[in-house]
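Trainee: Encoded as structure tokens, here's the structure I'll be asking about.
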Amino acid sequence: MKAMKSDKRAFTLIELLVVIAIIALLIGILLPALGEARKAARLALDLNNQRQLGVASNSYATDFQDRNPTFSWRVDQPENPFGSPGSLLQAAADQAVSIINERGGRDLTRISGWIPHVLYSHLVLQDYLASRLPEKLVVSPSDTHRLAWQNWREFGYYTPSPVAAAGGGTVANDEMRWPYSCSYDTVVALYDRGQSTNIRATSGSAVTRRLKWGGHNSYFVPGDADLDATRASDVTFPSQKAFMHESVDRYKKIQRYYAYDDARLPILMFDASSSVRISADSNDGWDPNAPTLKSSGINWFDYARALYARNQWEPPTRNGALIDPNVKGYYKWTRGGLKGVDFGGREIYTGQDFD
């Protein structure tokens, strides 16, 4: 019996290499497109997170007699488990820790020497919503570090992080707050009533009691600062006034701190709308402790400036140095506070004399 002769033949080495090259080429073409699709999906989720926080804020104001959602404990708050705080700032810190303990099942003790309003005002909303903490709603899907910090049991081993000995595993009580922080900075006027009251004053207690910017992670808080729940009805231009904003432009190849003019990031307005905006399109803001306007024609030059001294989990400065001493405040320091305008119109005139 004769053997049957097969007409089949295997791939030659050259043909196999050609196929591999074609596959590699297709992958190279498709990967950037997939990367952009993932980035767009994260941005959409980012904007949706902000909108949900905006809607919840409006509901909060309806349920709590026109109050904006921020810390409201007084010095004599009867339910304060840590005893007398001695100041409104410490009362706010005690309220923040109390919410973390109740909603997160933690047992943190009193934390002093910090201003919780900046990255933790959302805790009041989450307490209102009866959320379980930590909650991904308040973290940008592109904020990889803060998402990792939410695993608070492993927080001490994560690098980079605010833990003094990163990777050492030991987390001091004061540092245990970080897994509950927010990607979205809250504007100062939300919790500093002096930003929105007596805005025509040029001196006196109406000016000196206001918070002032010391740097991107530091604030000068006078001992008599009026840190209290502001009123939703004080917001004069809700569709033009920023409420919360990303602290970092996370959607460009080179990320930028929000205070750079080319930063392009999601911003939540007081009317619960959220969209991507460029910082340079915002008004410059003011220095609330030195509000006198300096003008030449219609140009106003006196605005909030501070230094950006980046942490290891934040983007580099534009000049490549560890510190950039001259960044603008923009919508975080709106002239006139809640009565002011950030986007879509000129700054309101607060009445100071022109030089």
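Trainee: Taking interchain pairs and intrachain pairs at least six residues apart, which have beta carbon atoms under 7 angstrom, with the first residue in the range 327-338 and under 17 Å from residue 207 (Cα atoms) and the second among the aromatic types (Phe, Trp, Tyr) and crowded, with 24+ Cβ neighbours inside 10 Å?
Mentor: Listed pairs, sorted by first residue: 333/286; 335/286.
Trainee: Still on this model: Could you grab me the full set of residues in the range 233-268 that are of a type in the set (Lys, Arg) and surrounded by fewer than 20 Cβ atoms within 10 Å (Cβ to Cβ)? So that I can check it myself, show each step before the final result.
Mentor: Applying the first criterion (of a type in the set (Lys, Arg)) to the range 233-268 yields 241, 250, 252-253, 256, 264.
Result: 252, 253, 264.
Yes/no per residue for (1) free of Cβ contacts under 8 Å to residues at least 60 places away in the same chain; (2) of a type in the set (Gly, Ala, Ser); (3) outside any helix (DSSP H, G or I):
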{"position": "65", "(1), (2), (3)": "yes, no, yes"}
{"position": "72", "(1), (2), (3)": "no, yes, yes"}
{"position": "75", "(1), (2), (3)": "yes, no, yes"}
{"position": "97", "(1), (2), (3)": "no, no, no"}
{"position": "102", "(1), (2), (3)": "yes, no, no"}
{"position": "115", "(1), (2), (3)": "no, no, yes"}
{"position": "119", "(1), (2), (3)": "no, no, no"}
{"position": "125", "(1), (2), (3)": "no, no, no"}
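Trainee: Exactly one condition in (1) of a type outside the set (A, V, I, L, M); (2) buried (at least 18 other Cβ atoms within 10 Å of the Cβ); (3) out of contact with any Pro (no Cβ under 6 Å at 6 or more places or on another chain) is not met by residue 155; state its number.
Mentor: Failing condition for residue 155: (3).
Trainee: Tell me, which residue of the range 172-200 that is under 30 Å from residue 151 (Cα atoms) and either of a type in the set (A, V, I, L, M, F, W, C) or more than 25 Å from the chain's Cα centre (by Cα) (or both) is surrounded by the fewest Cβ atoms within 10 Å (Cβ to Cβ)? If you could, list the steps in order and put the result at the bottom.
Mentor: Step one: of the range 172-200, the residues under 30 Å from residue 151 (Cα atoms) are 172-188, 190-191.
Still in the running and either of a type in the set (A, V, I, L, M, F, W, C) or more than 25 Å from the chain's Cα centre (by Cα) (or both): 172, 176, 178, 182, 187-188, 190.
Numbers: 172: 11, 176: 21, 178: 21, 182: 26, 187: 30, 188: 26, 190: 25.
Per the criteria, the residue is 172.
Trainee: From the residues in the range 269-291 that are among the acidic types (Asp, Glu) and in a loop (DSSP other than H, G, I, E, B), which one is surrounded by the fewest Cβ atoms within 10 Å (Cβ to Cβ)? Break it down stepwise before answering.
Mentor: Of the residues in the range 269-291, the ones among the acidic types (Asp, Glu) are 271, 281, 284, 287.
Imposing the further condition that a residue be in a loop (DSSP other than H, G, I, E, B) reduces the set to 271, 284, 287.
On the way: 271: 15, 284: 22, 287: 18.
Once the filter is applied, the top-ranked residue is 271.
Trainee: Spot the failing condition for residue 161; the list is (1) modelled with pLDDT under 90; (2) surrounded by fewer than 17 Cβ atoms within 10 Å (Cβ to Cβ); (3) within 28 Å of residue 264 (Cα to Cα); (4) of a type in the set (S, T, N, Q), and only one is missed.
Mentor: Here residue 161 meets the rest and fails (2).
Trainee: Same structure again: Write out, first by first residue and then by second, each pair whose Cβ atoms fall under 7 Å of each other, whose residues are 6+ apart or on separate chains, and whose first residue, in the range 129-155, is part of a helix (DSSP H, G or I) while the second is of a type in the set (Asp, Glu).
Mentor: none
Trainee: Looking for something at pLDDT below 90, within 21 Å of the chain's Cα centre (by Cα) and over 22 Å from residue 240 (Cβ atoms) - is there at least one such residue anywhere in the range 296-306? Please lay out each step first, then the result.
Mentor: Of the residues in the range 296-306, the ones at pLDDT below 90 are 296-306.
Going one step further and asking which of them are within 21 Å of the chain's Cα centre (by Cα), we end up with 303-306.
Still in the running and over 22 Å from residue 240 (Cβ atoms): 305-306.
Yes - at least one qualifying residue is present in the range 296-306.
Trainee: Can you tell me which condition residue 317 does not meet? The list is (1) surrounded by fewer than 21 Cβ atoms within 10 Å (Cβ to Cβ); (2) modelled with pLDDT of 90 or more; (3) in contact with a Ser or Thr (Cβ under 9 Å, 6 or more places away or on another chain), and all the others hold.
Mentor: Residue 317 satisfies all of (1) surrounded by fewer than 21 Cβ atoms within 10 Å (Cβ to Cβ); (2) modelled with pLDDT of 90 or more; (3) in contact with a Ser or Thr (Cβ under 9 Å, 6 or more places away or on another chain) except (3).
Trainee: Something else about it: Go through the range 183-206 and give me each residue that's touching a helix residue (DSSP H, G or I) at 6+ places or on another chain (Cβ under 8 Å) and more than 22 Å from residue 69 (Cβ to Cβ).
Mentor: Scanning the range 183-206 gives 198, 199, 201, 206.
Trainee: Being within 15 Å of the chain's Cα centre (by Cα) and free of Cβ contacts under 8 Å to residues at least 60 places away in the same chain is the filter here; which residues of the range 259-277 pass it?
Mentor: 263, 264, 265
Trainee: Would you mention how many residues in the range 71-84 are of a type in the set (Ser, Thr, Tyr) and either more than 12 Å from residue 99 (Cβ to Cβ) or loosely packed, with under 12 Cβ neighbours inside 10 Å (or both)?
Mentor: So in the range 71-84, the residues of a type in the set (Ser, Thr, Tyr) come out as 72, 84.
In the following step, the residues that additionally are either more than 12 Å from residue 99 (Cβ to Cβ) or loosely packed, with under 12 Cβ neighbours inside 10 Å (or both) were identified as 84.
Within the range 71-84, residues that are of a type in the set (Ser, Thr, Tyr) and either more than 12 Å from residue 99 (Cβ to Cβ) or loosely packed, with under 12 Cβ neighbours inside 10 Å (or both) number 1.
Trainee: Is there any pair with a first residue in the range 39-54 that is surrounded by 18 or more Cβ atoms within 10 Å (Cβ to Cβ) and a second that is part of a helix (DSSP H, G or I) whose Cβ atoms are under 8 Å apart and which are 6 or more apart or on different chains, and what are they?
Mentor: Matching pairs, first to second residue: 49/137; 49/138; 53/122; 53/125; 53/137; 53/138.
Trainee: Further, regarding this structure: Name the residue, out of 218, 203, that is surrounded by fewer than 20 Cβ atoms within 10 Å (Cβ to Cβ) and within 26 Å of residue 323 (Cβ to Cβ). Steps first, answer last, please.
Mentor: Numbers: 203 fails: within 26 Å of residue 323 (Cβ to Cβ).
218 is the lone residue from the list that is surrounded by fewer than 20 Cβ atoms within 10 Å (Cβ to Cβ) and within 26 Å of residue 323 (Cβ to Cβ).
Trainee: Being under 28 Å from residue 148 (Cβ atoms), at pLDDT below 95 and not polar (S, T, N, Q) narrows it down to one residue among 169, 223, 204; which is it?
Mentor: Working: 223 fails: under 28 Å from residue 148 (Cβ atoms); 204 fails: under 28 Å from residue 148 (Cβ atoms).
Result: 169 is the single residue among 169, 223, 204 that is under 28 Å from residue 148 (Cβ atoms), at pLDDT below 95 and not polar (S, T, N, Q).
For (1) in a helix (DSSP H, G or I); (2) under 28 Å from residue 188 (Cβ atoms); (3) in contact with a helix residue (DSSP H, G or I) (Cβ under 7 Å, 6 or more places away or on another chain), each residue gets a yes or a no:
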site: 23; (1), (2), (3): yes, no, no
site: 37; (1), (2), (3): yes, no, no
site: 60; (1), (2), (3): yes, yes, yes
site: 69; (1), (2), (3): no, yes, yes
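Trainee: For the range 189-201, name all the residues that are of a type in the set (A, V, I, L, M, F, W, C) and modelled with pLDDT under 95. It would help to see each step written out before you state the result.
Mentor: Going through the range 189-201, the residues of a type in the set (A, V, I, L, M, F, W, C) turn out to be 189-190, 199, 201.
Within the range 189-201, 199, 201 meet the criteria.
The values are calculated or read from the model by the stated rules, or taken from the named source; none is laboratory data. Owing to the predicted nature of the structure, the values given are computational and were not obtained by experimental measurement. Cβ: placed from backbone, ideal geometry, glycine included. Neighbour counts: every protein chain shown.
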